[in-house]
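What follows draws every value from the coordinates through simple rules; no lab data is involved. Remember, it's a predicted structure, so these values are computed and weren't measured experimentally. Note that we place each Cβ from the backbone using ideal geometry, even for glycine, and neighbour counts take in every protein chain shown.
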Amino acid sequence: MTSQSAIHSSAKLSDTVVGSYLSDLEDPDLMARPGTGCNHLAWQLGHLISSEVHLLDSIAPGKAIQLPDGFAEAHNKDSTASDDAEAFLGKEAYLELYHQVREATLNALNEATEPELQAAAPESFRGFCPTVLDMYVLIAAHPMMHAGQFAVVRRKLGKPVVM
């Protein structure tokens, strides 16, 4: 198995978990927070999308998709306290963007050469992701860093266990 195929497998697992946790949620459910001081699912989905675009652009300039105007700002740290559902998207819109961003990431990964993957990551990431390859691992795994919060929201909403 190549590094690229292993990262593809990791991304697929992350996507399967996120998709399963969102499968039976309705748009209003995305405004639920797993706990006090935590971010609601709509913000987290937007954060995952915005972050992936930013991370991909930092290692493969020009390969990321263009997000809708104002999207990144609506999902930055300054917007975490907002409970205004009108300021966020619905589930299908988030999932469409999520899949577009992920497709762009995996396409860029497929096109990357071994020397490009072994190149140093951008300076601001080198403390925990020394190489571009490590950055792709981070991108693939990032949704799993949030999956536990999605599971807690499901429990709060009385949804069945899906995984």
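Quick check: pseudo-label points 7 Å beyond the Cα along Cα→Cβ at MET144 and THR2, how many nm apart are they?
In this crude label model, MET144 to THR2 measures out at 2.2 nm.
For the chain, what is the mean residue ellipticity at 222 nm derived from helices alone (per DSSP H run of n ≥ 4: -39500 (n - 2.57); sum divided by total residues; nearest 500 deg cm²/dmol)? Show your work: numbers first, answer last.
On the way: 6 runs with 94 residues, N = 163.
Per the formula, -19000 deg cm²/dmol.
Rounded to the nearest 0.05, what FRET efficiency is calculated for GLU26 and GLU123 with R0 set to 41 Å and r the Cβ-Cβ distance?
Working: r = 42 Å, r/R0 = 1.03.
Once the sixth-power term is evaluated, E becomes 0.45.
For the pair SER9 and ASP78, how long in nm is the line joining their label points, each one 7 Å along Cα→Cβ?
Spacing of the two 7 Å Cα→Cβ label points: 4.3 nm.
Who wins for biggest fluctuation among SER82, SER124, SER50 in a Gaussian network model of the chain, springs between alpha carbons below 10 Å?
Judging by the Gaussian network model, the answer is SER124.
Once the Cα atoms of helix 132-156 and of the chain are each reduced to a long axis, what angle between those two axes, in degrees from 0 to 90 to the nearest 10, is obtained?
10
For the residues ILE7, ILE139, what sequence is obtained by ranking on other C-beta atoms within 10 Å, fewest first?
Working: ILE7 21, ILE139 26.
With the sparsest Cβ surroundings first, the list reads ILE7, ILE139.
Residues with amide H under 5 Å of THR131's amide H, sequence separation 5 or more or different chain, H placed in the peptide plane at 1.01 Å from N; which?
ALA121
Total Lys pairs in the chain closer than 20 Å by alpha-carbon, pairs eight or more apart in sequence or interchain only?
Numbers: LYS12/LYS63; LYS12/LYS91; LYS91/LYS156; LYS91/LYS159.
Lysine pairs meeting both conditions in the chain amount to 4.
Could you compute the FRET efficiency for VAL161 and HIS99, with r as their C-beta to C-beta distance and R0 at 22 Å, rounded to 0.05? Intermediate values should be presented prior to the final figure.
On the way: r = 24 Å, r/R0 = 1.11.
The pair VAL161/HIS99 has a calculated efficiency of 0.35.
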